[in-house]
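The values are calculated or read from the model by the stated rules, or taken from the named source; none is laboratory data. Keep in mind the model is a prediction, meaning the values are calculated, not measured. All Cβ positions, glycine included, derive from the backbone under ideal geometry; neighbour counts span all protein chains shown. SASA here: full protein model, heavy atoms, side chains in, ligands and nucleic acids out. Shrake-Rupley method; radii C 1.70, N 1.55, O 1.52, S 1.80 Å.
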Amino acid sequence: MSGTANGGTGNRGTAEPPAIVTPLRLHRTSVIPEWVDYNGHLSEAYYVLIFGHATDALMDALGMDAAYRKRTGRSLYTVDARIRYLLEVHQGEGLEVRTWIAGADAKRLLVVHRMHRLPVSGTGKSASDPVAESELVLLSVGRSAGRPNPQAMPFEASVRARIRRIAAAHLDSAPALPGRWTPPEQQAEQRADNREAPMPT
């Protein structure tokens, strides 16, 4: 499985499964000229593209690669997404996406991606701070007999087992995105609503 360290003793019947890398490091790319906007840095749409490619790499790591999708008709749909743009990235810079499975149930995954620039010696640019981060809810879908469109359905057992193993390894390290910004007038309305709300009895 992609994203795991090499391991095992050579005896498949008794070998321990390889350790899970935390976070998964499944996708790297470089900023090409077509991705640079009028401000001279990576356009917001291409952050989405890069995170999308990281999600594709995660699907491969879970065993849901192109061959699996063709054979089973099953896939993942993104049903909720959030992106935070943190630092500018420029043409030619290398990027790595680090991925956590922050939670899962029978049909859904909560995935966090963090995009980091790859360090280049002599530039003074650090790889430690993320340049962007994304939080996704991914839904397992497949085709049912007599239905033309994909429907939500539980993960197959082999995929679910991989998800559980990775999620367990990521349990204590998965980052949480901070709360969204709330406009001041909305904050005031919320405070007023809280003052007017009746006390519970």
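May I ask you to evaluate 6.51 cos²θ - 1.76 cosθ + 1.60, the Karplus curve with θ = phi - 60°, for each residue of segment 63-71 and list the ³J(HN,Hα) values in order in whole Hz, giving x for glycine and proline?
After applying 6.51 cos²θ - 1.76 cosθ + 1.60, I find x, 9, 7, 4, 5, 5, 5, 5, 6 Hz.
Working out 0.36 nm times the residue gap between residue 192 and residue 165, then minus their Cα-Cα distance, what length gain in nm do you get to one decimal? Display every interim value, and only then the final one.
Working: separation 27, 0.36 × 27 = 9.72 nm, distance 4.55 nm.
Gain on extension, residue 192 to residue 165, equals 5.2 nm.
Heavy atoms only, probe 1.4 Å: what % of the accessible area of segment 42-181 goes to carbon and sulfur, would you let me know?
51
What are the ³J(HN,Hα) values, in whole Hz, obtained from phi via the Karplus relation 6.51 cos²θ - 1.76 cosθ + 1.60 with θ = phi - 60°, for each residue of segment 38-51 in sequence order, with x given for Gly and Pro?
For segment 38-51, the Karplus curve yields 5, 8, x, 9, 3, 6, 4, 5, 7, 4, 4, 4, 5, 5 Hz.
Considering the zone a paramagnetic label at residue 151 would reach in this model (a point 7 Å from Cα along the Cα-to-Cβ line), which residues of segment 57-86 have amide N under 16 Å from it?
73-75
Work out the FRET efficiency for residue 48 and residue 75 from their Cβ-Cβ distance, taking R0 = 22 Å, and round it to the nearest 0.05.
In this case the efficiency is close to 0.75.
With the other protein chains left in place, how much accessible area per residue, in square angstrom, belongs to segment 28-100 at a 1.4 angstrom probe?
53
For residue 174, which sequence-distant residues (separation of 5 or more, or a different chain) have an amide H within less than 5 Å of its own amide H, given hydrogens modelled in the peptide plane?
none
What are the ³J(HN,Hα) couplings of segment 146-154, residue after residue, when phi is run through the Karplus curve with 6.51, -1.76, 1.60 and θ = phi - 60°? Round to Hz, x for glycine and proline.
Karplus-based 3J(HN,Hα) across segment 146-154 equals x, 10, x, 10, x, 10, 5, 7, x Hz.
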